[in-house]
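Participant: What follows is a structure written as structure tokens; I'll ask about it next.
Throughout, read-outs are computed from the coordinates displayed, never taken from laboratory work. Quick caveat: nothing in here was measured; it's all calculated off a predicted structure. Ideal geometry is used to build each Cβ from the backbone, glycine not excepted, and the neighbour counts take in all protein chains shown.
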Amino acid sequence: MLDRIANHFVNYLFDYYQGTLHVRRVATWIGLILKGIERAGAENIRLNRARQLLFNYRNRLFKARYNHQVRPRGGIEILEVLRGRGAPDGEIIFQIANLQDAEETYLSLQSALDRLIDR
């Protein structure tokens, strides 16, 4: 299942962002991020639209998405999705701007999610 999701995102990046290396560079991070989500014990990992990933963790909803505002050249955010009309954005758990950040997400996503939920 994760292989299919990873392939979807890589294909999407190369099909729709052919000339924009700052967006396509996240392709190298996708596997680590997905495996980190799985490693954290997330459930119901799924695509939302063509560009976002949703998952449940301890009965709360989270998403991973690309954001051009992540410094220095855009990156991936993992954030909570709040309940309510329009599913508003909650707190950002991770901003991933390079491969080292993707590794950190893989290694410590579960503890970051637990800290948010246990507050």
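Participant: Per DSSP H run of at least 4 residues, take -39500 (n - 2.57); add these up for the chain, divide by its residues and hand me the 222 nm value, nearest 500 deg cm²/dmol.
Facilitator: It comes out at -12500 deg cm²/dmol, rounded to the nearest 500.
Participant: Please work out how much length the chain gains when fully extended from Q95 to V10, using 0.36 nm per residue of separation minus the C-alpha to C-alpha distance, in nm with one decimal.
Facilitator: So the chain would gain 28.7 nm between Q95 and V10.
Participant: For the chain, take the longest principal axis of its alpha carbons; what is the angle in degrees between that and the long axis of helix 30-39, to the nearest 10 within 0 to 90?
Facilitator: Once rounded, one gets 20 degrees.
Participant: Compute the long axis of helix 2-16 from its Cα atoms, compare it with the longest principal axis of the Cα atoms of the chain, and write down the angle in degrees, 0 to 90, nearest 10.
Facilitator: With rounding to tens, the tilt is 40 degrees.
Participant: What dipole magnitude, in Debye to the nearest 20, does the chain give about its Cα centre under +1 on Lys/Arg Cβ and -1 on Asp/Glu Cβ?
Facilitator: 340 debye
Participant: Taking the Cβ-Cβ separation of R85 and L107 as r and a Förster radius of 25 Å, what is the calculated FRET efficiency to the nearest 0.05?
Facilitator: FRET efficiency, R85 to L107: 0.10.
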